[in-house]
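Let me begin by handing over the structure; questions about it come next.
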Amino acid sequence: RLISEFIDLLKKEDESEFTSISPDVKGNAEPIVFISHKSDDKKYGHALRNFIIGLGVKNESLVYTSHPLHKIPLDMNIYEYLRQNISGNVFVIILWSDAYLDSPACLNEMGAAWVAQKDYTNIYVPNFSFGNPKYHQCAVDTRKMGAVLNGDEHCKASMIELKDKILEMFKLTVDEKQFQFLLDQFIKEITE
């Protein structure tokens with residue numbers, strides 16, 4: 001009887017009241033950028049983090065576990081935390097390195113993003129071994145063009161494309177002078 005009364009009550013309620021909370025129930029409706037990386041590569045991860053935050057992305061909209069402002073929360077299981085974040089509106093940046101390919105945790109992150117069919121971008125540390133057989137056995141499309149973080153003109157052009165993608169995703173704008181400074185800082189960080 002109580003269940004029937006509850007169902008009748010729900011039928012009478014305005015449906016819009018419930019849809020407004022559904023994004024929180026299903027996962028975060030706000031976009032999240034997740035930098036999947038090996039902690040050995042945090043020089044490049046930090047540079048990417050600074051670039052993304054410099055575009056106006058809020059700290060809480062970035063998952064980058066090697067930085068104290070984006071780390072796994074205290075007392076949280078790392079895999080549960082990542083599962084919760086990958087289930088939402090997430091864009092994954094895969095920071096490829098040979099160390100990444102040797103890490104079961106990194107491969108799990110990448111595989112989870114692939115299974116969940118999340119949008120991703122391939123970014124490579126400068127000394128990445130493209131001939132590594134482990135790379136060609138991964139679930140994600142390794143023929144998809146990516147950016148090598150070596151500071152050359154191709155790298156700069158790719159970072160401009162990444163900027164455009166992130167600005168569109170978060171509905172942000174950035175002043176051209178500010179972006180030029182941000183790009184110069186990024187190139188300096190990855191080439192030092």
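The values are calculated or read from the model by the stated rules, or taken from the named source; none is laboratory data. Source: prediction; values computed, not measured. Cβ sites come from the backbone with ideal geometry, for glycine too, and all protein chains shown count toward neighbours. When the accessible area is computed, the model is the full protein with side chains, heavy atoms only, and any ligands, DNA or RNA have been set aside. Shrake-Rupley method; radii C 1.70, N 1.55, O 1.52, S 1.80 Å.
For the chain, calculate the relative contact order in percent as a whole number, restricting contacts to Cα pairs under 8 Å that are 6 or more residues apart.
24
Between the range 97-133 and the range 171-191, what is the separation of their alpha carbon centroids in Å?
If we compute the Cα centre of each part, the gap is 25 Å.
Using modelled backbone amide H atoms (1.01 Å from N, in-plane), which distant-in-sequence or interchain residues come within less than 5 Å of residue 148's amide H?
When sequence neighbours closer than 5 places are left aside, the close amide H contacts are 124.
Another question, then. How many Å² of accessible area per residue for the chain, probe 1.4 Å? Can you show the working numbers first?
On the way: 11280 Å² over 192 residues.
With the other protein chains kept in place, the chain gives 59 Å² per residue.
With θ set to phi - 60°, apply the Karplus curve 6.51 cos²θ - 1.76 cosθ + 1.60 along the range 31-39 and write out the HN-Hα couplings as whole Hz, x wherever there is a Gly or Pro.
Result, rounded to whole Hz: x, 9, 9, 10, 8, 7, 8, 9, 4.
Continuing with the same structure: Determine, for the range 58-176, the count of lysine pairs separated by eight or more sequence positions (or lying on different chains) whose alpha-carbon distance falls under 24 Å.
Number of lysine pairs found: 21.
Rounded if a/c is under 1.5, else prolate if a/b is larger than b/c, else oblate: which is the range 99-176, with a ≥ b ≥ c the root eigenvalues of its Cα gyration tensor? Please list the in-between numbers first.
On the way: a/c = 2.57, a/b = 1.42, b/c = 1.81.
Oblate is the answer for the range 99-176, as a/c is 1.5 or above yet b/c matches or exceeds a/b.
Right, next: Mind listing the phi-derived Karplus ³J(HN,Hα) values for the range 76-88, rounded to whole Hz, using 6.51, -1.76 and 1.60 with θ = phi - 60°, and x for any glycine or proline?
Whole-Hz 3J(HN,Hα) from phi for the range 76-88: 9, 6, 4, 6, 5, 4, 5, 4, 4, 6, 6, 6, x.
Keeping all protein chains in place and using 1.4 angstrom, which order do 159, 76 fall into by accessible surface area, from largest down?
76, 159
First check a/c for the chain, with a ≥ b ≥ c the square roots of the eigenvalues of its C-alpha gyration tensor; if it is under 1.5, answer rounded, and if not, answer prolate when a/b is larger than b/c or oblate otherwise.
Cα axes put the chain in the prolate bin.
Using amide H atoms built in the peptide plane, which far-off residues or other-chain residues are under 5 Å from residue 33 H to H?
Under 5 Å from the amide H of residue 33: 62, 63, 91.
For the range 75-136, state which trypsin sites (Lys or Arg not before Pro) are in a DSSP loop and have at most 13 other beta carbons lying within 10 Å of their beta carbon. Walk me through the numbers on the way to the answer.
Values: sites: 83, 118, 134; in loops: 118.
For trypsin sites (Lys or Arg not before Pro) across the range 75-136 that sit outside H, G, I, E and B with at most 13 neighbouring Cβ atoms in 10 Å, the list is empty.
Please build a GNM for the chain, connecting alpha carbons under 10 Å apart, and tell me which residue among 100, 44, 81 fluctuates the most.
81
Follow-up. In the full protein assembly as shown, how much of residue 170 is accessible to a 1.4 Å probe, in Å² to the nearest 10?
40
Starting from the residue with the highest accessible area, list 78, 190 in decreasing order, probe 1.4 Å.
Values: 78 75, 190 5 Å².
Heavy-atom accessible area, descending, gives 78, 190.
Roughly how many percent of the accessible protein surface of the chain is carbon and sulfur, given a 1.4 Å probe and a whole-percent answer?
For the chain, the apolar C and S fraction of the accessible surface comes to 54 percent.
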